[in-house]
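The values are calculated or read from the model by the stated rules, or taken from the named source; none is laboratory data. The model shown is predicted, which means the values in this text are computed figures rather than measured ones. In this analysis, Cβ positions are derived from the backbone assuming ideal geometry, glycine residues included, and neighbour counts consider all displayed protein chains.
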Amino acid sequence: MANTKPETKLSKELNQEKLGANESLEESQRFLSTLISNLPGYVYRCHEENGKWYTQFASGGIYELTGYHSKDFLKDGTMSFSRLLHPDDQKNLSNIVTEAIKQKTPYQITYRIKTSDGKQKWVWEQGRGIYSAQGHLIATEGFITDITEKKLVEEEILKRNEELATLNSIGHSINKLAEPTEIIALIYSMIGRLFDNNNLYIALYDEKKKEISFPIYTVNGKQNELAPRSLKNGLTEYIIEKKQPLLIRSDITKTFEKLGIELIGQKSFSLLSVPMLMGRNVIGVITLQDYQKENAFDKSQLELLTTIASQAAIALENSHLFAALQNELVEKNEAEKRIKASLNEKELLLQEIHHRVKNNLQIMSSLLRLQSAHFKDQNVQNIFKESENRIKAMAIIHNKLYTNPEYDKVDFNDYIRTLTQNLFLSYGVSTDSVNLEFIVNDIFLNIDTAIPCGLIINELISNSLKYAFPPNKTGKIILKMFFDNNDLILVVKDDGIGIDSNIYMNNNETLGLKLVQLLASQMDGKVEINSSKGTEFTIRFKDLHYKKRT
């Protein structure tokens, strides 16, 4: 009886330690199970038995990845993971795993699988071999996860890079050609690098003759020779009249009837058609069609083809200008001095045009918009939007110059209205909630003044639209511009929530504010701020002397 109590106490202590160990083991198992179940993929273990390999364990994530349950892949199941592999990836996958097992190193593989519903997914796998004490392979363990979205983003980036390279190639190559036939052949070839050009036509419009010709007209990859024809009510005539691109993804017949377009030739299931514009004049039309399926084209492709058409129009117009110069030389041999003077003038004009369009701001704006769609971060998208608006502010000036007969002056009243309309659309602000009032004289500025002044207006109007009016608050923005003796006065005023002018002028962190100060100083200007009622910017500056480009 004397030893009973010590034995009982020791027994209890041992039981408590055993219970604690069991609880710790159960907690570890629970933690491990939770961890595996929350992984974005699944964990597996395969082992060898009688010369054959079987799946010993597969976590529940395999169902989300493949559409099959883990039990389907076990020894008594009906599925083998190898049956899901894409045929083109099987050999490479086998070689990588075999070599890793041989070297006794971990392996990492990217490949494609086919899910239970027939969809294709990209997966990434990392695994390793498990070896016995004698060094024999007895099992493999690893992890497989879905990387389809990442892979699609990478493919999209590669596609956009190819588009950018092709657009740059077009810009560099096309301006070296003088013959319209060479230009059209190059455009056809370049489009083939970005689209399926087996069903494409390029139409040229002769406004004087009221006639359309088709230097390129392919159907199923075969070039058709079509004679020039007079105007009808077809698709080409519709694009020429409206001067706008057109995307039809389905219901061609119904859409044609609604738009009043006559079907000429074979009916397609989807199409996109864009005008070749020179200023406000349409000199041709580029059209891609698909005779097999609907929804063959999208808006990004329409924007891309529109950019190509713009390049083609510039090159063709330059070609016509060169041809006109050559004809003029032949016709006016008796007035050689006048011909040379005229030639020099037109050559300088062409150089001016080449200088203003060679960097092609429209391409940059389109690519920024396309690229921003791949970022989910709102701050990144806002940075892209601000950069795009600055580029558009400059692009609008070049467009106004290009359509202005004088080529070196911008109708700033007209320009400001176009610029602010674009900014309201960009920031999704309705003029019903924020009223914009113009008090602007008839002012014509040269490009050296117009660009910095336009960028200043872009920054100040953008600032008001973004910060001056909280949600559901209405207000007004007033934009004034007038001459005071030899100075120009620009006033941008809003009746919003107002700002601290001292903080505003000393803020070196904001690119937009630094731009306003920098651009104002570029024009020998001075910036004044009044924040007593809303925010009012007054900038006094000089009309800079225009510098001719050579």
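Here is a yes/no grid of residues against (1) in the same structural domain as Ile314 (by TED's automatic domain parsing); (2) surrounded by fewer than 16 Cβ atoms within 10 Å (Cβ to Cβ); (3) at pLDDT below 85:
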{"position": "Leu401", "(1), (2), (3)": "no, no, yes"}
{"position": "Arg417", "(1), (2), (3)": "no, yes, no"}
{"position": "Thr420", "(1), (2), (3)": "no, no, no"}
{"position": "Glu437", "(1), (2), (3)": "no, yes, no"}
{"position": "Leu445", "(1), (2), (3)": "no, no, no"}
{"position": "Pro452", "(1), (2), (3)": "no, no, no"}
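From Gln244, Gln223, Gln266, which residue is more than 31 Å from the chain's Cα centre (by Cα) and free of Cβ contacts under 8 Å to residues at least 40 places away in the same chain?
Checking each option against the conditions leaves just Gln223.
Considering only residues that are surrounded by fewer than 19 Cβ atoms within 10 Å (Cβ to Cβ) and in contact with a helix residue (DSSP H, G or I) (Cβ under 8 Å, 6 or more places away or on another chain), which ones fall in segment 284-300?
Residue satisfying the conditions is Ser300 alone.
Could you list, ordered by first residue, the pairs with Cβ atoms under 9 Å in which the first is in segment 433-446 and within 17 Å of Ser464 (Cα to Cα) and the second is aromatic (Phe, Trp, Tyr) and at pLDDT below 90, at least 6 apart or interchain?
Filtered contacts from segment 433-446: Ser433/Phe469; Val434/Phe424; Val434/Phe469; Leu436/Phe424.
Does Ser270 qualify as being exposed (fewer than 14 other Cβ atoms within 10 Å of the Cβ), among the hydroxyl-bearing types (Ser, Thr, Tyr) and out of contact with any Gly (no Cβ under 7 Å at 6 or more places or on another chain)?
no
So which of Gly51, Gly61, Gly41, Gly20 is modelled with pLDDT of 65 or more and either of a type in the set (Phe, Trp, Tyr) or out of contact with any Gly (no Cβ under 9 Å at 6 or more places or on another chain) (or both)?
Among Gly51, Gly61, Gly41, Gly20, only Gly51 is modelled with pLDDT of 65 or more and either of a type in the set (Phe, Trp, Tyr) or out of contact with any Gly (no Cβ under 9 Å at 6 or more places or on another chain) (or both).
From (1) out of contact with any Phe, Trp or Tyr (no Cβ under 7 Å at 6 or more places or on another chain); (2) at pLDDT 85 or above, pick out the condition that doesn't hold for Met278.
(2)
Any residue at all in segment 158-176 that is at pLDDT below 85 and touching an Asp or Glu at 6+ places or on another chain (Cβ under 7 Å)?
Checked segment 158-176: no residue is at pLDDT below 85 and touching an Asp or Glu at 6+ places or on another chain (Cβ under 7 Å).
Please verify whether segment 136-154 includes one or more residues that are under 24 Å from the mean Cα position of the chain (by Cα) and basic (Lys, Arg).
There is at least one residue in segment 136-154 that is under 24 Å from the mean Cα position of the chain (by Cα) and basic (Lys, Arg).
Being small (Gly, Ala, Ser), modelled with pLDDT under 70, over 30 Å from Val219 (Cβ atoms) and outside the structural domain of Leu186 (by TED's automatic domain parsing), is that true of even one residue in segment 337-360?
yes
What are the pairs with Cβ atoms under 7 angstrom where one residue, in segment 62-76, is more than 25 Å from Glu149 (Cα to Cα) and the other, located anywhere, is surrounded by fewer than 19 Cβ atoms within 10 Å (Cβ to Cβ) and at pLDDT below 90? Sequence gap at least six, or different chains.
As it stands, the answer is Lys71/Gly77; Asp72/Thr78; Asp72/Met79; Phe73/Met79; Phe73/Phe81; Lys75/Tyr54, since those pairs meet every condition given.
So, in segment 516-538, of the ones that are among the hydroxyl-bearing types (Ser, Thr, Tyr) and part of a strand (DSSP E or B), which residue ends up nearest to Ile489 (Cα to Cα)?
Per the stated criteria, the residue is Thr538.
Would you say Ile96 is assigned by TED's automatic domain parsing to the domain that holds Ile62, of a type in the set (Val, Ile, Thr) and not in a strand (DSSP E or B)?
yes
Could you tell me whether Asp251 is over 21 Å from the mean Cα position of the chain (by Cα), surrounded by 15 or more Cβ atoms within 10 Å (Cβ to Cβ), in the same structural domain as Lys209 (by TED's automatic domain parsing) and of a type in the set (Asp, Glu)?
So Asp251 does not fit the description; no.
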